[in-house]
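Colleague: For reference, the structure I am asking about is given below.
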Amino acid sequence: MLKPTGTTAPRFQLVLIKPSHYDKDGYVVQWLRSTMPSNSLAAVYSLACGAAERQLLGADLPIDVIAMDETNTRVRPREIARRIADNGGLGLVGIVGVQSNEFPRAVDIARPLRDAGVQVMIGGFHVSGCLAMLKELPDDIKEAQRLGISIFAGEAEEGFDEAIIDASRGALQPLYDHMKHLPDIGEVAAPPFLPVDFVRRTVGNVTSFDAGRGCPFQCSFCTIINVQGRKSRYRSPDSVERIIRMNYAQGVNRYFITDDNFARNKDWEAIYDRLIKLREEDGLDIRFMIQVDTLCHRIPNFIDKSRRAGVTRVFIGLENINPANLIAAKKRQNKITEYRQMLLEWKRVGIITYAGYILGFPHDTPESIRHDLDIIKKELPLDMLEFFILTPLPGSEDHKVLSEKGVWMDPDMNKYELENVVTGHPKMTAEEWQEAYRTAWDYYYTDDHLETIVRRAYASGIIIRSLMPVLFWFSSAVPVESVHPLQWGIFRIKYRNDRRSGLPLESPFAFYSRYAADIARKVGMVARRWWHLKRIVRKIEADPHAKLYRDEALTPVADEDSSHMELYTQNEAARSAVERELRVAGKGASGNGKAAAQSGKQTNRARTNGKDDEPLPVEQTHKDRSEPASPVA
Ligand code: B12
Ligand code: SF4
């Protein structure tokens, strides 16, 4: 605890910081306006405010809650320490939602605070993932504990009060492990919320909240199932409405629902019905972005209700188009025979699609990646594609297996941002793999393909003036700023003194001249790319035939010439997958490539009956077998 400096009655200072991470030069990645408000911060901030309102520490020790998101706000540890000292010396700094790539920065923020005697606690996916999956704590977490930083694994909805009380007594424990029991979030008294000031420091009028946690599937690269579990836990429609009304009251009406797979939120329909009521009966102008899996279109009503509920953008975990890779990653629910149908369904209701694509599965090579991208561009009616390097994230099965086998993984957690090669690959050197990632962005977002995306969108009834900024964002982040679009922001802020521990301070001249040159270069690039897209949009709007545009990707599944579609015939794995789907649908297999490809079409039709021989997700194995919402049941 800090020595008090003031004479006023003590007030417990609860400071919450969502950290950022370092760029390749060791400077904090920070923006004038960052991508979006952090839901992790919103969740913990709300609980902290709840504790303050309840007078958790008694009437004599009020709690002041201060929150900051480092992606758009400078964190000054010395000022925080002074504030705590000025208020009687009692306080806790919670470093919130710390992902693996943010862990080194989180510890750097904590170090001067610990030197000043401040109690610090770190929570989030890195520590929870490591505790969930590893037999022994990794060195970085042990080092944090050695510095006196307390670790909170699990969800703050349970156990945060205990930690605050311990901190008020100056008796924070080294570890709070709440991984064994995952809390029910149905009716949390203080659901996620951030004041509008946080939203104003981000791009657009968007905030985020989780309507549920957990996913039933078993992808080997996924951390979510091991941290948040495979059972769907969800907020009640009342709770969701409360979050929306609180935000609406402060003028925030766009939302990113952070559920990794909203289609598997068991209460999706009741939540949608409430959103539909809010829009259609109560007249609220609210819009959403959600994340789903590639079988979501087979859940009756899901896509149509998404549109009515106000969903305008959907993120889809496509990951790969080579079935051999999908099987290797245990992503068996992704079926190439469903991709086109699913994307066309979203197009039918005018919703913009984003898909994640992972590079570096075992069967990938630089050539195969380019070939896959050619197929995607030609045959899949997809808007944005975003790339990730396959990364053994702490908390995933992949990470656990490699750790147990003693396979090399880069020990620098700052690199675990899905943009760096951090382990070996059976078919690519590290350089080839890294280069394949870098070039994938340029290869997908060519000038021609940007025009094709906008043409397809226009012909599908998507508002292309809304698509344009998003397309700009996803096509430009890597070429302009060398950061992933999910980490980009408006105008990069850099402080010479905020450099990674262990790296030297640069001279002001070297630092500022490079910073200024960088700004000039980026402004030029941004302007050029924006005007280029604008020209495309104008050209298409002026084209009287643009609404009639058709190509292979937009061709309805029923009319597709599947024997010539490379998606179904690209390799042996694709042909076998198509044959297998045909068998499952009871149509028999033919064995030759052409007929096998045609089975993709038949399968798409036949499978609307909802029959499948896939192993069911864990929670759907018994009583849910007849539940209509389950597409794999
Ligand atoms: C929304 C989201 C984002 C958003 C917003 C970030 C945010 N945290 O809100 C954006 C788009 C910015 C983002 C970006 C990225 N993300 Co992200 N993101 C998510 C997502 C889908 C939801 C986050 C969320 O709201 N979770 C729900 C909250 C409530 O859970 P939580 O964060 O764990 O917090 C709870 C507990 O951990 C605990 N807790 C947390 N902190 C603290 C602190 C204290 C003091 C206490 C007591 C408790 C506590 O209590 C909280 C409430 O229950 C998660 C997946 C997921 N299901 O969480 C991925 C996830 C966190 N992201 C991930 C990754 C890898 C990224 C990116 C690197 C991707 C990329 N290439 O750009 C970037 C990195 C950003 C950066 N700054 O470096 C990984 C992290 C895995 C890992 N081991 O680190 C995840 C898990 C997804 C995955 N692929 O596995 N992301
Ligand atoms: S579908 Fe998404 S959230 Fe579910 S296990 Fe796979 S990667 Fe994880």
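Residue by residue, here is whether (1) out of contact with any Phe, Trp or Tyr (no Cβ under 9 Å at 6 or more places or on another chain); (2) within 14 Å of ligand 2 (Cβ to nearest atom); (3) at pLDDT below 95; (4) outside any loop (DSSP other than H, G, I, E, B) holds:
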site: CYS222; (1), (2), (3), (4): yes, yes, no, no
site: ASN226; (1), (2), (3), (4): yes, yes, no, yes
site: ILE244; (1), (2), (3), (4): no, no, no, yes
site: ASP260; (1), (2), (3), (4): yes, yes, no, no
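Colleague: Next up: Which of the residues spanning the stretch 119-137 are open to solvent by 10 Å² or more (accessible area, probe 1.4 Å), over 19 Å from ILE164 (Cα atoms) and touching a helix residue (DSSP H, G or I) at 6+ places or on another chain (Cβ under 8 Å)?
Modeller: Answer for the stretch 119-137, where residues must be open to solvent by 10 Å² or more (accessible area, probe 1.4 Å), over 19 Å from ILE164 (Cα atoms) and touching a helix residue (DSSP H, G or I) at 6+ places or on another chain (Cβ under 8 Å): PHE125, ALA132, MET133, LEU134, LEU137.
Colleague: Something else now. Within the stretch 68-90, does at least one residue satisfy the condition of being closer than 21 Å to PRO392 by Cβ and open to solvent by less than 20 Å² (accessible area, probe 1.4 Å)?
Modeller: Step one: filter the stretch 68-90 for residues closer than 21 Å to PRO392 by Cβ, giving none.
Taking every residue of the stretch 68-90 in turn, none turns out to be closer than 21 Å to PRO392 by Cβ and open to solvent by less than 20 Å² (accessible area, probe 1.4 Å).
Colleague: Does LEU295 count as closer than 30 Å to THR365 by Cα and among the hydrophobic types (A, V, I, L, M, F, W, C)?
Modeller: Against the criterion (closer than 30 Å to THR365 by Cα and among the hydrophobic types (A, V, I, L, M, F, W, C)), LEU295 qualifies.
Colleague: While we're on this one: Kindly establish whether SER232 is polar (S, T, N, Q), away from ligand 2 (no atom under 14 Å from the Cβ), under 24 Å from the mean Cα position of the chain (by Cα) and surrounded by fewer than 22 Cβ atoms within 10 Å (Cβ to Cβ). Step through it out loud before you land on a result.
Modeller: Values: polar (S, T, N, Q): yes; away from ligand 2 (no atom under 14 Å from the Cβ): no; under 24 Å from the mean Cα position of the chain (by Cα): yes; surrounded by fewer than 22 Cβ atoms within 10 Å (Cβ to Cβ): yes.
Spelling it out, it is not the case that SER232 is polar (S, T, N, Q), away from ligand 2 (no atom under 14 Å from the Cβ), under 24 Å from the mean Cα position of the chain (by Cα) and surrounded by fewer than 22 Cβ atoms within 10 Å (Cβ to Cβ).
Colleague: When the stretch 229-242 is examined, which residues are found to be in contact with a Leu (Cβ under 7 Å, 6 or more places away or on another chain) and either closer than 18 Å to ARG264 by Cα or at pLDDT below 95 (or both)? Steps first, please.
Modeller: Looking only at the stretch 229-242, we keep the residues that are in contact with a Leu (Cβ under 7 Å, 6 or more places away or on another chain), and these are 229, 233, 241.
Selection gives GLY229, ARG233.
Colleague: Among the residues that make up the stretch 172-189, is at least one of them within 23 Å of ASN72 (Cα to Cα), at pLDDT 95 or above and open to solvent by 10 Å² or more (accessible area, probe 1.4 Å)? First the steps, then the outcome.
Modeller: Here is the first cut: in the stretch 172-189, the residues within 23 Å of ASN72 (Cα to Cα) are none.
Within the stretch 172-189, none of the residues are within 23 Å of ASN72 (Cα to Cα), at pLDDT 95 or above and open to solvent by 10 Å² or more (accessible area, probe 1.4 Å).
Colleague: Out of (1) touching a residue at least 60 places away in the same chain (Cβ under 8 Å); (2) open to solvent by 40 Å² or more (accessible area, probe 1.4 Å); (3) away from ligand 1 (no atom under 16 Å from the Cβ), what's the single condition that is false for TYR339?
Modeller: (2)
Colleague: Further, regarding this structure: On the basis of being of a type outside the set (Gly, Ala, Ser), within 16 Å of ligand 2 (Cβ to nearest atom) and assigned to a loop (DSSP other than H, G, I, E, B), does ASN334 make the cut?
Modeller: Numbers: of a type outside the set (Gly, Ala, Ser): yes; within 16 Å of ligand 2 (Cβ to nearest atom): yes; assigned to a loop (DSSP other than H, G, I, E, B): yes.
Answer is yes for this residue.
Colleague: Pick out the one residue from ARG274, ARG313, ARG264 that is away from ligand 1 (no atom under 16 Å from the Cβ) and either over 23 Å from LEU471 (Cα atoms) or touching a residue at least 60 places away in the same chain (Cβ under 8 Å) (or both). Quick ask: steps written out before the conclusion?
Modeller: Working: ARG313 fails: away from ligand 1 (no atom under 16 Å from the Cβ); ARG264 fails: away from ligand 1 (no atom under 16 Å from the Cβ).
Testing whether each residue is away from ligand 1 (no atom under 16 Å from the Cβ) and either over 23 Å from LEU471 (Cα atoms) or touching a residue at least 60 places away in the same chain (Cβ under 8 Å) (or both) leaves just ARG274.
Colleague: Still on this structure, I have one more. Condition first: over 24 Å from the mean Cα position of the chain (by Cα), away from ligand 2 (no atom under 16 Å from the Cβ) and without any contact (Cβ under 8 Å) to a residue 60 or more places away in the chain. Can you find one or more residues in the stretch 123-134 that meet it? Show your work before the answer.
Modeller: Applying the first criterion (over 24 Å from the mean Cα position of the chain (by Cα)) to the stretch 123-134 yields none.
No; the residues of the stretch 123-134 include none that is over 24 Å from the mean Cα position of the chain (by Cα), away from ligand 2 (no atom under 16 Å from the Cβ) and without any contact (Cβ under 8 Å) to a residue 60 or more places away in the chain.
Colleague: Given TYR512, TYR443, TYR437, which one is open to solvent by less than 30 Å² (accessible area, probe 1.4 Å), under 30 Å from TRP531 (Cα atoms), assigned to a helix (DSSP H, G or I) and not β-branched (Val, Ile, Thr)? Step through it out loud before you land on a result.
Modeller: Values: TYR512 fails: open to solvent by less than 30 Å² (accessible area, probe 1.4 Å); TYR443 fails: open to solvent by less than 30 Å² (accessible area, probe 1.4 Å).
After applying the criteria, what remains is TYR437.
Colleague: Given the structure, is LEU450 in contact (Cβ under 8 Å) with a residue 60 or more places away in the chain, of a type outside the set (D, E, K, R) and surrounded by 14 or more Cβ atoms within 10 Å (Cβ to Cβ)?
Modeller: Working: in contact (Cβ under 8 Å) with a residue 60 or more places away in the chain: yes; of a type outside the set (D, E, K, R): yes; surrounded by 14 or more Cβ atoms within 10 Å (Cβ to Cβ): yes.
Yes.
Colleague: Please find, among ASN301, ASN325, ASN320, the residue that is within 16 Å of ligand 1 (Cβ to nearest atom) and among the polar types (S, T, N, Q). Let's see the steps before the verdict.
Modeller: Working: ASN301 fails: within 16 Å of ligand 1 (Cβ to nearest atom); ASN325 fails: within 16 Å of ligand 1 (Cβ to nearest atom).
Sole residue among the options that is within 16 Å of ligand 1 (Cβ to nearest atom) and among the polar types (S, T, N, Q): ASN320.
Colleague: State yes or no: is ASP267 away from ligand 2 (no atom under 16 Å from the Cβ) and either surrounded by 18 or more Cβ atoms within 10 Å (Cβ to Cβ) or within 22 Å of ILE351 (Cβ to Cβ) (or both)?
Modeller: Working: away from ligand 2 (no atom under 16 Å from the Cβ): yes; either surrounded by 18 or more Cβ atoms within 10 Å (Cβ to Cβ) or within 22 Å of ILE351 (Cβ to Cβ) (or both): yes.
The answer is yes for ASP267.
Colleague: OK, next. If I go through the stretch 34-55 residue by residue, how many of them are open to solvent by 40 Å² or more (accessible area, probe 1.4 Å) and not in a helix (DSSP H, G or I)? Step through it out loud before you land on a result.
Modeller: At the first step, the residues of the stretch 34-55 found to be open to solvent by 40 Å² or more (accessible area, probe 1.4 Å) are 36, 40, 53-55.
Still in the running and not in a helix (DSSP H, G or I): 36, 54-55.
Residues flagged as open to solvent by 40 Å² or more (accessible area, probe 1.4 Å) and not in a helix (DSSP H, G or I) within the stretch 34-55 amount to 3.
Colleague: With (1) touching a His at 6+ places or on another chain (Cβ under 7 Å); (2) more than 16 Å from ligand 2 (Cβ to nearest atom) as the list, and GLN99 as the residue in question, which single condition is left unmet?
Modeller: (2)
The values are calculated or read from the model by the stated rules, or taken from the named source; none is laboratory data. Since we're looking at a predicted model, the values are computed, not measured. All Cβ positions, glycine included, derive from the backbone under ideal geometry; neighbour counts span all protein chains shown. Just so you know, the surface numbers come from the protein's heavy atoms only, side chains and all, with ligands and any DNA or RNA stripped out. Shrake-Rupley method; radii C 1.70, N 1.55, O 1.52, S 1.80 Å.
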